[in-house]
1. Those residues that are more than 13 Å from every other protein chain (Cβ to nearest Cβ) and among the basic types (Lys, Arg), I need them from the stretch B:69-100; list them, please.
2. Please enumerate the residues belonging to the stretch B:182-231 that are farther than 22 Å from B:Asp135 by Cβ, touching a residue at least 40 places away in the same chain (Cβ under 8 Å) and either of a type in the set (Lys, Arg) or in contact with a Leu (Cβ under 9 Å, 6 or more places away or on another chain) (or both).
3. Please go through the stretch B:199-212 and pick out each residue that is at pLDDT 90 or above and either outside any loop (DSSP other than H, G, I, E, B) or in contact with a strand residue (DSSP E or B) (Cβ under 9 Å, 6 or more places away or on another chain) (or both).
4. Select from the stretch B:85-110 the residues that are of a type in the set (A, V, I, L, M, F, W, C) and either surrounded by fewer than 19 Cβ atoms within 10 Å (Cβ to Cβ) or in contact (Cβ under 8 Å) with a residue 12 or more places away in the chain (or both) and list them in ascending order.
5. Mind telling me which of the residues A:Val69, A:Val79 ends up being assigned to a helix (DSSP H, G or I), surrounded by fewer than 21 Cβ atoms within 10 Å (Cβ to Cβ) and within 14 Å of chain B (Cβ to nearest Cβ)?
6. Just to be sure before I move on: is B:Lys121 charged (D, E, K, R), more than 11 Å from every other protein chain (Cβ to nearest Cβ), closer than 18 Å to B:Lys216 by Cβ and touching a helix residue (DSSP H, G or I) at 6+ places or on another chain (Cβ under 7 Å) in the structure I sent?
7. In contact (Cβ under 8 Å) with a residue 12 or more places away in the chain and either closer than 30 Å to B:Ile142 by Cβ or away from chain B (no Cβ under 14 Å) (or both): which single residue out of A:Ile104, A:Ile27, A:Ile31, A:Ile57 fits that description?
Amino acid sequence: MDFRWDILAEYAPFFLKGTLLTIGLSIASIIIGTVLGLLIGLGKMMRNKLLALPFSIYITFFRGTPLLVQILLIHFAVVPLFTGSTNAIAAAIVTLSLNAAAYISEIFRAGIQSIDRGQMEAARSLGMTHAQSMWNIILPQAFKRMIPPLGNEFIVLIKESSLAALIAAPELMYWGRAMQGQYFRVWEPYITAAVIYLVLTLSLSFLLSRLERRLATE
Amino acid sequence: MKKLKLVSTVFMVAFLLILSACGTSKTGGEGEKTLRVVTDAAYAPFEYQDKGEVVGFDIDFINAVAKEAGLKIKVEHVGWDPLFVELDKKTADLGISAITINDERKQSYDFTVPYFLSTNKILVPEGSDIKSAADLKNGKTIAVQNATTGQEAVEGLLGKNNEKIKKFENNNLAILELKSGGADAVVADNTVVEQYVKNNPKDKFVVIEDSNAFAKEFYGLMMPKGSKLKADLDKAIKEVIDNGTYAKIYKKWFKVDPDTQILKDQQ
């Protein structure tokens with residue numbers, strides 16, 4: 001297979017720009033998604049079934065429908081509703097955050113429920129409120145257990161941000177497709193994009209394993 | 001450790017078997033072979049899916065040509081980008097999808113004689129201040145379908161990879177972007193935008209023609225480089241145009257008579 005390095009060199013600045021946007025989209029969505037995920041996870045765990053219902057519905061919807069459809073809906077229908085015009089980057093961040101939040105909330109729920117009931121009882125008998133015990137005792141312990149599944153989710157999120165190319169958000173995959181469209185060659189753009197995604201996800205795995213080791217207690 | 005090796009060997013063998021099975025199923029007996037025709041069935045009225053069936057002007061046309069040439073074909077929807085890969089890798093024999101013949105594509109693929117005349121036109125909302133292709137340069141955002149001549153035409157005006165050009169997967173998404181206020185205009189083949197305006201009068205879009213800025217384009221059937229089908233297909237296409245079948249199909253889908261003289265001049 002002949003590999004045309006010249007067209008790759010020509011598109012290198014675009015790939016760089018795209019990669020930066022992909023990183024930006026991913027970081028923003030990871031942060032927003034994690035915060036939302038925590039709130040939704042806690043919401044779903046509420047004793048009052050009626051109050052917990054909206055959170056369950058949220059998770060069912062975002063986990064049960066294709067991200068592709070969510071991205072198109074939010075880009076073409078939801079964002080224009082608020083701003084009057086489309087904004088691909090905003091739509092990408094919103095969709096990825098909302099989608100990730102649904103998965104992350106379940107990770108939070110599993111992590112929190114994996115902590116022995118006695119921890120909460122002990123914290124409460126020390127005089128902490130429910131919220132204090134949750135924040136100071138339960139969550140730190142749960143978080144340690146949640147790192148591997150969270151890592152999975154973040155990696156999936158980075159890769160799925162490539163769907164934003166569909167709505168013409170100029171991220172990594174968009175430039176890959178633009179290069180493909182320009183030269184009618186498939187392997188140069190797509191393999192390059194794949195390698196960059198791999199580097200991004202590998203770096204993230206590395207960071208997470210460092211974090212995991214730092215938090216290790218035994 | 002031994003066990004691990006055994007397991008991995010079994011996996012490898014299974015994997016190779018699957019691979020080889022895939023490899024052989026595509027090629028098959030020569031002679032009475034059914035040709036695999038690939039298309040991107042999201043381009044009404046040229047080709048689109050009607051209840052799961054690929055239909056359209058191109059489909060009727062290629063069936064007529066195949067009948068004329070005595071070839072058996074099976075049309076399959078694979079999408080625009082995969083279409084080029086399939087022909088490049090020779091996993092498909094023919095591509096028909098309103099593909100414009102141009103020099104760039106000719107470097108990697110073979111084309112038959114032209115069978116359709118088309119030009120790019122501009123789709124804008126009613127009352128837009130865009131009146132010609134030159135107006136697109138005044139900081140307007142333009143939505144196009146990636147890897148089409150519409151994209152090329154706009155890049156010719158604004159420069160390659162200009163930020164004001166938004167490239168979409170298909171024309172429907174590009175038009176949706178215009179509708180949602182994310183773009184000021186869409187540049188695409190005349191038949192597509194004209195058809196859209198006709199089918200969606202509520203959107204209040206108008207089509208602008210600029211024959212000085214956008215050149216005439218001709219569609220051809222696309223084949224892998226060095227395909228032996230070219231001679232037969234060229235002959236069949238000329239025959240289908242000459243005997244009136246072409247005009248009948250054209251009238252069925254576009255409701256007007258074709259200008260076959262232009263096509264004949266190109267042959």
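1. Within the stretch B:69-100, B:Lys72, B:Lys74, B:Lys90 qualify.
2. B:Phe218, B:Tyr219, B:Leu221, B:Met222, B:Met223, B:Pro224, B:Lys225, B:Ser227, B:Leu229, B:Lys230
3. Within the stretch B:199-212, B:Pro201, B:Lys202, B:Asp203, B:Lys204, B:Phe205, B:Val206, B:Val207, B:Ile208, B:Glu209, B:Asp210 meet the criteria.
4. B:Leu87, B:Ala92, B:Leu94, B:Ile96, B:Ala98, B:Ile99, B:Ile101
5. A:Val69
6. So B:Lys121 passes the test.
7. None of the other options fit; the residue is A:Ile104.
Here is a yes/no grid of residues against (1) more than 12 Å from chain A (Cβ to nearest Cβ); (2) surrounded by fewer than 16 Cβ atoms within 10 Å (Cβ to Cβ); (3) assigned to a strand (DSSP E or B):
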{"site": "B:Ala174", "(1), (2), (3)": "no, no, no"}
{"site": "B:Leu178", "(1), (2), (3)": "no, no, no"}
{"site": "B:Val192", "(1), (2), (3)": "yes, no, no"}
{"site": "B:Phe218", "(1), (2), (3)": "yes, no, yes"}
{"site": "B:Ser227", "(1), (2), (3)": "yes, no, no"}
{"site": "B:Leu233", "(1), (2), (3)": "yes, no, no"}
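The values are calculated or read from the model by the stated rules, or taken from the named source; none is laboratory data. Small disclaimer: the values here were computed from a predicted structure and weren't measured. Don't worry about glycine lacking a Cβ; one is built from the backbone with ideal geometry, like all the others, and counts go over all protein chains shown.
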